[in-house]
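The values are calculated or read from the model by the stated rules, or taken from the named source; none is laboratory data. None of these values were measured; they are calculated from a predicted model. Reconstructed Cβ throughout: ideal geometry from the backbone, glycine too, with neighbour counts over all protein chains shown.
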Amino acid sequence: MIEVLSPGFLSIVVDRGRQGYGHIGVPSSRELDRHASAMARYLVGIPEDAPLIEIMGNDLRLRILEEMTFAITGARVKAVLDGEPLRPWSAVHAKKGGVLRVAEVLEGLRYYMAFSGVIDVEPVMGSSTTNLECTFGGFHGRPLMKGDRITLRDIREPVGLLTVPETMIPSMREPHLIRVISGPEADYFSPGSVRFLARRKETVLFKATSRLNRTGIRLEGEPLMFRDDAERSIISEGLLPGTIQVPPDGHPIIALAERTVGGYARLATVADADMDALAQIRPGDRVVLSSIDIAEAERLWRAGRDALSFYCKKQ
Amino acid sequence: MDIERFGEQGIRVILGQAIDDATHESVRRFFLYTSLLGIPGITEIIPSFRSCLICIDRERTCFEDLSELLKGMEDDWRGMSLPDVQRIEIPVRYGGDYGPDMDFVCSYSGLSPEEVVEIHSGAVYRVHALGFMPGFPYLGPLDRRIYVPRQETPVLKVPQGSVGIAQLQTGIYPFESPAGWRIIGRTMVRLFDHLHPPFSLLSFGDIVRFVPA
């Protein structure tokens, strides 16, 4: 059992997402940084589909009420266990009654905590992840609050106390380079305004606004220009995580994991390999978009997947 | 039928250009056929006005294989018989605190609140898509006489059950949420229940009528 002494800014139970209900508008609500999540699970030896906690903000404090092992991955943080600094991206052993504190997030936005037991929550529609907007799933459909007690099942010691090597820890420093694939309505925009889609060497710079949450990231910069003869919206249609939509004001919105349908022109889609980087963009960060083709995006995705499975098998 | 790739994991199956009955029927046939078949590697099929978005698991299939498979099935799904649609009545309290944008709709359309209610509740609407939020139906077509533009800036919070109109559509917010549509009433009917299958009161293709309560 874990007791929440302070939940930070926002702590929720997440997993790999809800699947198969897109036709009734149910989004995935999945963990946003999948690499960090997979590593956290690996370090503590829990199954690939087990839930874990996604956290934003300083001053997370947890009391660990049973002896167990845990790991923190994702955003770079300054954390202490019973006053002793601990190493992120590593398995850490906690004694009964130990108090963990994350004092400060140094780089990135979201960090993940996994324990060497399975978080005991009731799955909803096949998943333990939290749909915050509709208040279902996860821990009673809501963020963790002070005083909550989280039960863990099947606590066991992982094989060893591993540390993820530096080469497997991505930088989360801004500016964030986000590679995209041209989208279905890319031709709604004046070619001069979206030159980066046609020419590989061009990039375009935006800034993440404070309108940033699990639903999407709104960018600001030089507004993108619609062609004079193009519609300013579309007949509503399906979206993928990472779809970049452009409302009539020309300021793009990157969809994350909480929408299945949209009505704005879909300029582009973020390459799957760069989806984890989106999870770590903070308000005010610079975001550089550049374009690649699907074949290149698939190569990047495959390389990332192979590196992860190679590392996890090797240990 | 046009098949286009969308991102790495999406396949758009486009079944018509306009919002009309023939297109809707093709989307419904394609959606029901492919859903019932349970094709390995497909993780989502999201039907909407004129297309289906298919999401794939790249560990199990690829765009090329799946688009070949879908092309080969066209005669089968075009020939299948369609099950009946559900017809559902939704009681609505119009205007006042339940419909804070009724005044705007009246001044924009030049109609009285009674006329707006009569027009809105006098038609039947089809569920052209479910999305934005779980169980939120995109219903149409809305009578041109009560056409209103969307809010320029979405309202931060509307209550669960709010009934809105925008352009030539009407819809119902299943949860308290931000809203870009003009709210003219509210229903107490629950549109989405995460505990009980099939979870959403409405399905793609259902016919909805609003009844003043």
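Let me confirm something: among A:M113, A:M145, which residue is under 29 Å from A:R259 (Cα atoms) and assigned to a loop (DSSP other than H, G, I, E, B)?
Details: A:M113 fails: assigned to a loop (DSSP other than H, G, I, E, B).
The match here is A:M145.
Report, by residue number, each residue of region A:196-207 that is over 21 Å from A:P248 (Cβ atoms) and of a type outside the set (V, I, T). Spell out how you get there, then give the answer.
Step one: list which residues in region A:196-207 are over 21 Å from A:P248 (Cβ atoms), which gives A:198-203, A:205.
Hits for region A:196-207 are A:A198, A:R199, A:R200, A:K201, A:E202, A:L205.
Against the conditions (1) touching a Lys or Arg at 6+ places or on another chain (Cβ under 8 Å); (2) crowded, with 21+ Cβ neighbours inside 10 Å, where does B:M80 fall short? Just the number, please.
B:M80 satisfies every listed condition except (2).
Is at least one residue of region A:134-141 more than 14 Å from every other protein chain (Cβ to nearest Cβ) and in contact (Cβ under 8 Å) with a residue 40 or more places away in the chain?
yes
Go through (1) farther than 22 Å from A:G20 by Cα; (2) within 12 Å of chain A (Cβ to nearest Cβ); (3) in contact with a strand residue (DSSP E or B) (Cβ under 6 Å, 6 or more places away or on another chain) one by one and return the number of the condition B:V127 breaks.
Here B:V127 meets the rest and fails (1).
I'd like to know if region A:274-292 contains one or more residues that are of a type in the set (S, T, N, Q), closer than 15 Å to A:I181 by Cα and in contact (Cβ under 8 Å) with a residue 60 or more places away in the chain. Talk me through it step by step, then tell me what you get.
Applying the first criterion (of a type in the set (S, T, N, Q)) to region A:274-292 yields A:280, A:290-291.
Going one step further and asking which of them are closer than 15 Å to A:I181 by Cα, we end up with A:290-291.
Imposing the further condition that a residue be in contact (Cβ under 8 Å) with a residue 60 or more places away in the chain reduces the set to A:290-291.
Scanning region A:274-292, I find at least one residue that is of a type in the set (S, T, N, Q), closer than 15 Å to A:I181 by Cα and in contact (Cβ under 8 Å) with a residue 60 or more places away in the chain, so the answer is yes.
Can you list the strands (runs of 3 or more DSSP E) lying wholly within region A:194-296 that have 1 or more residues being among the hydroxyl-bearing types (S, T, Y), at pLDDT 95 or above and in contact with a Phe, Trp or Tyr (Cβ under 8 Å, 6 or more places away or on another chain)? Can you show your working first?
Numbers: elements: A:204-212, A:216-220, A:243-246, A:253-255, A:265-270, A:286-291.
Filter on region A:194-296 gives A:265-270, A:286-291.
Go through region B:164-213 and count every residue that is among the aromatic types (F, W, Y) and facing chain A (nearest Cβ under 9 Å). Please lay out each step first, then the result.
So in region B:164-213, the residues among the aromatic types (F, W, Y) come out as B:173, B:175, B:181, B:192, B:199, B:204, B:210.
Next, from what is left, pick out any that are facing chain A (nearest Cβ under 9 Å): B:175, B:192, B:199, B:204.
Number satisfying all stated conditions: 4.
How many of the residues in region A:134-163 are buried (at least 17 other Cβ atoms within 10 Å of the Cβ) and modelled with pLDDT under 95?
Residues that pass the stated criteria total 2.
When both residues are 6+ apart or on different chains and their Cβ atoms are under 6 Å apart, which pairs have a first residue that lies in region B:39-57 and is within 7 Å of another protein chain (Cβ to nearest Cβ), and a second that is of a type in the set (S, T, N, Q) and assigned to a loop (DSSP other than H, G, I, E, B)?
Filtered contacts from region B:39-57: B:T43/A:Q19; B:I46/A:T260; B:S48/A:S236; B:C55/B:Q9.
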